[in-house]
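The values are calculated or read from the model by the stated rules, or taken from the named source; none is laboratory data. The shown structure was predicted, so the numbers you read here are calculated from the model rather than taken from an experiment. Backbone-built Cβ (ideal geometry, glycine too); neighbour counts: all protein chains shown. Protein only, heavy atoms only, side chains kept; ligands, DNA and RNA dropped before computing areas. Shrake-Rupley method; radii C 1.70, N 1.55, O 1.52, S 1.80 Å.
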Amino acid sequence: MDLAVTTVEGIAAQRDRLHPVQERIAKAHGSQCGFCTPAWSCQCMHYLENSSKPSMKELEIAMQGNLCRCTGYRPIIEGYRTFTKEFGNEEVCGMGEKMLQSQWRKIEVTKDGLKIGAAVTLTEIENFIESKTDQNVIEKSIVEMLHWFAGSQVRNVASIGGNIVTSSPISDLNPILLAAGAKLEVQSLKDGKRIIKMDENFFTGYLSSDQPLTDPIHRPKIHSSALQQATGEAIYCDDIPKHENELYLALVLSTKAHAKIISIDASEALKQPGIHAFFTAKDVDQTSYTNGFMGKDEEIFISETVTSEGQILGAIVGDNQIIAQRAAKLGFPKTRYNGDIKKTLNEADHVIEGEVRLGGQEHFYIETHSNLAIPKDADEIEIFSSTQHPCEMQRHFSKQTPDRNTAFRGFGSPQGMLAAETMIRDVARITGKDYLEIMDLNMCENGYVLHYKQILENCNIRRCFEEVKINSDLENRRKSVAKINSENRWKKRGISIVNNLYPIGFPPKFLNQGGTRPYLSDGSVLVSHGGVEMGQGLHTKMIQVASRVLKVPMEIIHIQETATDKVPNAISTAASVSSDLYVSEVEIDCLTGDHQVIRTDIVMDVGSSLNPAIDIGQIEGAFMQGYGLFVLEELIYSPNGTLYSRGPGMYKIPSFGNIPAEFNVSLLTDAPNPRAVFSSRAVEAIGAARKEEGLDSHFYLQAPATAARIRVACQDKIVEKFESLKDENLTPWNVDL
C-alpha cells in the first residue's frame, strides 16, 4: 500500500498562494511564537480533507490534541471556525456575546420599514431584500447600490454600521440612508439609548483624525512573522542545517534533590565512541564563574552541593545529540547524604508553623532551549541561541560555558497576588462584608506610595474595576449564580473578580532602556534592535513605529534578526506593565471535581496600544497560563525529589477544551501612558457545595486547584468514607514541595 506524509511545507509555501488553513490562522492572529503553528495547520488540513464542512464542535474535538503556550487558543478558534457549518449563520461572535450582541445581527420588518442591526453584513441585507416580494423604492435602490459596492468578498464581511461610521456623506449607502431619513438607535454606557435621525445635519464632515490613514500605530496589524510560521518557513535554532565537524554538548544533571558531590567519574563516558571531552566546575575560570541576572549568585556548574534535582554538574561533548546524551547518563554522580532533619528541628530554638501553598509551574516551552556555536576567523564565535537575553548569552559563551534560565512569567507576582486576594476575602468573611467593598477600600490610587517607595502615577485600576463590573453584568450574574446553586446539588457555580497591578521594567534604572538602528539605502528600510521576538509581536510593533517616524509604508520596512554585533549591550527582553481586572464564572462538578470556565471578562489598561490585535492575543495567552498555574498544572515529586510529571503525558497545560466558553477582552480606552513608547473562581463554587452539607464555607484549598483537590474540598458523605492513612512507616508515592 502506498503511503505519503504531508508536512506543512507540502501544504503551501509563502512564495505560492497560501492554503486557507495557513492564511486564516495567520490573519486571525493565531500565531505568536509560531513554534506550534505548523502543527495546527497540518491538523486542520488533515481534518478538512476528511470532513469538508465540520461543525464547530467536531472541529474543537479534532484540535484537542494540539497544544499552544502563547495564544490562549481563542484566535486559533477564530481563524478555523470559518471552515465550520455554523460560520455565517451565527448570532453570537466567537469572542463572546458582549462583543456582538444578537440584536446587532438581525433584520426585522416593522410598520415603519426595516430595522437592521449594525453588524448585519451587506450581503445579508441584499439577500433579505431580494427575498421580499413587496420591495419599496428605497429597498430597490439599496440592492442596486450594493451591486456596485466593492466585491462580494468585501460585502460578505462589511457591515452597515461600519459603512455609516466611515463618516462620508457621499459614500456607498450613506446617500440613500440620508435621502430615506433613516433613524439610528445608538447606545452608550454613559447615556443609554437614544435615536438620531440621518438628515442634512448628520454628517459634520469626513472622519476627522490627527492620525493619517497610512500611520499604522495603534492599529491591529498581522504579526510580521505569521505567514512564515504558518507555512513552516520560519527558521528556528533547531532548523539550522548541521555544519561540518559540528559537535553536540549535553548537560550532566544531578539525579538527587540534595546531596554533596564527592567526585565525578567521567572515565566510562569518555571511553564511548564519538565522545571528545567532559567539563566541570574545575574547568571554568573561577574569577567569573558565578551566574545570575541581578546578582551573580548561581554556579554555572555545581561544585560542591546540589540543592535540587536537575542542577548542572557538567557538560559532555559528542559527535551528535544521541551520542552525547547517552554518555551523559553513564553513572556520573557519586553522592552521600548528610544531616538529620528531625534532629535539627528538635534542637532548634524556635519552630514556626504555618501554611500558604501554591504549586510550581513548568515552563513547558514548545521550542526547546538550543545554542549553536560556529567558529569563525580571527578567534570569533558566531552563536545562534533561543534566548531572550542575547548579551548575557554572549558573556557566558566568552567563558565557554552554558547558561540555564529559570524565571517564568510574572517572576513571583502571581504568588503574591494569591496571598493578597486571600487576605482580602478573609477580611470580608470575618467582618461580614462583601469582598468587593473591601477591594474598593484598599484599591490603589494616584499618589499611593508602594512598599518600595514608588509613587503611583496614571493609575487606572479603579476605572478598570468599574468597567469590568459593568461589562460583565456582575450584579445580575451573581444573583443568577445563587439561583443556579440553590436548584442544583452536584453542580455549583462561583463568580469572582480579581484585580492586578503589574509594574514595568527592572529595579535598577539603567536597565530600563532599549536600542535600535535604522538603515536606509535603496528606498527600503532595514531596522535592527536589541529586543528578542518571542511571539509577542515586537518586530511588528517596531515596524509600525518606524513607519510612523520615517513616514514610509510598513511594506518597505524589514527587521534584521536580533544580534549583539548590531545593537550591543541590550538588556533582557523582559518586564512589562499593566493594570487589569478579571471576572470569571466557573462551574464545578461536586462528584468528580471537574470544572468548566463558563465566562471570563477582562479589562486591561495597556496605555495606548501600538497594536490592539497583538496585545489582546498576549492578554488571552497570559490568562490561560495563569489559569494553568492556579487550577491545572501540578508538579508531582517522588519522596526522594524526582520529578514525576515530565512531558505532556503527566504534566497537563491548558488545551482547547479549557478555554472559557465565553471570553471577552477589552482594552481600557482614553488611558494614555506618557512613559510608554508611543503611549503604549472555583473557591466560591466549593463554598456553595459545602453549605449543602452544613459545613463552614471557609476552607483551605491548596493551589493548583486540581480536580482531586476540588473534589475533596467539597466534603460530603462520600468523601467521609475514606480515612486518612497515618502510618509513619508508610512511604507516600508523591510529596508536595
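Between Thr422 and Val549, with labels modelled 7 Å along Cα→Cβ, what's the label distance in nm to one decimal, could you check?
The answer from the label model is 4.6 nm.
Need one number: the % of Cα-Cα pairs in the range 104-240 sitting beyond the 27 Å mark.
The calculated P(r) of the range 104-240 puts 37 percent of pairs beyond 27 Å.
Enumerate the calculated ³J(HN,Hα) couplings along the range 70-75 in order (Karplus 6.51 cos²θ - 1.76 cosθ + 1.60, θ = phi - 60°), each rounded to whole Hz, writing x wherever the residue is Gly or Pro.
9, 7, x, 6, 4, x
What is the pair-distance distribution P(r) of the chain, computed from all Cα-Cα distances in 10 Å bins starting at 0, with each bin given as a whole percent?
Pair shares across the bins are 2, 11, 19, 23, 22, 14, 6, 3, 1, 0.
Multiply the residue separation of Asn442 and Thr133 by 0.36 nm, subtract the distance between their alpha-carbon atoms, and state the gained length in nm to one decimal.
104.9 nm
Along the range 34-50, what does the Karplus equation 6.51 cos²θ - 1.76 cosθ + 1.60 (θ = phi - 60°) give for ³J(HN,Hα), rounded to whole Hz, x for Gly and Pro?
Karplus values, whole Hz, x for Gly and Pro: x, 5, 9, 4, x, 5, 5, 4, 5, 5, 5, 4, 4, 5, 5, 5, 9.
Extending each Cα 7 Å along its Cβ direction at Lys483 and Ile61, get the distance between those two points in nm, one decimal.
Simple spin-label model gives 3.3 nm for this pair.
Could you give the accessible area per residue of the chain, probe 1.4 Å, as a whole number in Å²?
57
Just want the answer: with Cβ charges of +1 for Lys and Arg and -1 for Asp and Glu, which residue in Ala324, Gly687, Ile235 is farthest toward the dipole's positive end in the chain?
Going by the Cα projections, it comes out as Gly687.
Under 13 Å from the Cβ of Ala13, count the other residues' Cβ atoms, weight Lys and Arg +1, Asp and Glu -1, and hand me the total.
Every neighbour counted, the sum reads -2.
Modelling each spin label as a point 7 Å along the Cα-to-Cβ direction, I'd like the Val157/Asp340 distance in nm, to one decimal.
If labels sit at Val157 and Asp340, their model points lie 7.3 nm apart.
Distance check, please: which entries in Lys256/Lys329; Lys483/Lys721; Lys376/Lys566; Lys433/Lys469; Lys433/Lys691 exceed 20 angstrom between their Cα atoms?
Details: Lys256/Lys329 14 Å; Lys483/Lys721 30 Å; Lys376/Lys566 17 Å; Lys433/Lys469 18 Å; Lys433/Lys691 18 Å.
In this structure, Lys483/Lys721 lie more than 20 Å apart at Cα.
Based on Cβ point charges of +1 for Lys and Arg and -1 for Asp and Glu, what charge dipole magnitude is obtained for the chain about its Cα centre, in debye rounded to the nearest 20?
Computed charge dipole of the chain: roughly 880 debye.
Classify the range 535-645: rounded, prolate or oblate, from the alpha-carbon gyration tensor (a ≥ b ≥ c, eigenvalue square roots; a/c under 1.5 rounded; otherwise prolate if a/b is larger than b/c)?
oblate
For the range 1-66, state the semi-axes of the equivalent ellipsoid (square roots of 5 times the eigenvalues of the alpha-carbon gyration tensor), sorted largest first and rounded to whole angstrom.
18, 17, 12
Over the range 1-81, what relative contact order in percent results from Cα pairs under 8 Å that are six or more residues apart?
That works out to 41 percent.
Residue farthest toward the positive end of the dipole of the chain, with Cβ of Lys/Arg at +1 and Asp/Glu at -1: which of Ala119, Gly359, Met624?
Going by the charge dipole, the pick is Ala119.
Could the peptides 27-35, 436-444 be put in order, highest first, of the mean number of other beta-carbon atoms found within 10 Å of their residues?
Numbers: 27-35: 25.3, 436-444: 14.4.
Result, highest mean Cβ count within 10 Å first: 27-35, 436-444.
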